[in-house]
1. Could you give every pair whose Cβ atoms fall below 6 Å, whose first residue belongs to the stretch 116-139 and is over 13 Å from SER74 (Cα atoms), and whose second residue is in a helix (DSSP H, G or I) and among the hydroxyl-bearing types (Ser, Thr, Tyr), counting only separations of at least 6 or pairs across chains?
2. Could you tell me whether the stretch 116-125 includes any residue that is within 11 Å of the chain's Cα centre (by Cα), of a type in the set (Lys, Arg) and at pLDDT 95 or above?
3. Quick one: which residue in LEU95, LEU101, LEU90 is buried (at least 20 other Cβ atoms within 10 Å of the Cβ) and in contact with a Pro (Cβ under 8 Å, 6 or more places away or on another chain)?
4. Which numbered condition trips up VAL134, out of (1) in contact with a Lys or Arg (Cβ under 8 Å, 6 or more places away or on another chain); (2) assigned to a helix (DSSP H, G or I)?
5. Checking VAL62 against (1) touching a Phe, Trp or Tyr at 6+ places or on another chain (Cβ under 7 Å); (2) modelled with pLDDT under 95, only one condition comes out false. Which one?
6. Could you say whether any residue in the stretch 142-149 is part of a helix (DSSP H, G or I) and within 28 Å of GLY14 (Cβ to Cβ)?
7. Name the residues in the stretch 1-31 that are over 16 Å from the mean Cα position of the chain (by Cα) and of a type in the set (D, E, K, R), would you?
8. Does at least one position in the stretch 97-104 carry a residue that is modelled with pLDDT under 95 and more than 14 Å from the chain's Cα centre (by Cα)?
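The values are calculated or read from the model by the stated rules, or taken from the named source; none is laboratory data. Being a predicted model, the structure only gives us computed values, none of them experimental. Cβ atoms come from the backbone with ideal geometry, glycine included; neighbour counts cover every protein chain shown.
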Amino acid sequence: MAFHLVFQMPFHTGLDVESLARLKADYYDSLAEGVDDEPGFLDFTPPKGTHAEYINRVVWGVFESRAELDGVISNFLRDWSIERIGKVDLAVMRLAIYEMLREKDVPLGVAVDEAVEIAKEYGTKESPSFINGVLGNVSGEIKAKGREFIG
């Protein structure tokens, strides 16, 4: 769910705190409507407790840190610009790098592995290896310099 919300951010011009909250509510509503139409599925209920807290924290964190996260991504690209990165790959990397830098209870390897799995499901054929390469280098830098290496 966090990935889906982060993915939608670039498609909303002038995204601010209020519109991000509305985007999240609309996303949950669309999930509820889709599940209701499927026979045999339980009604969708928005995440609660620690799951909801985690989704909120990382989505808001990515929203507030987009420029910083994009700077990290740019620093680890070779012969590539951030403007050329597909929206799925960019969202996956923003989310994973945010987790690696700010979510101290998320092991670096887990953030990378989850990002690669999301890329396999939603990205192109090349997405998993591209994302693994960039995030592997980011992870190595974090191991060398600490989670706060970019401020």
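1. ALA119/SER127
2. no
3. Exactly one residue qualifies, and that residue is LEU90.
4. (1)
5. (2)
6. no
7. ASP16, GLU18, ARG22, ASP26, ASP29
8. Within the stretch 97-104 (the criterion being modelled with pLDDT under 95 and more than 14 Å from the chain's Cα centre (by Cα)), the answer is yes, since at least one residue qualifies.
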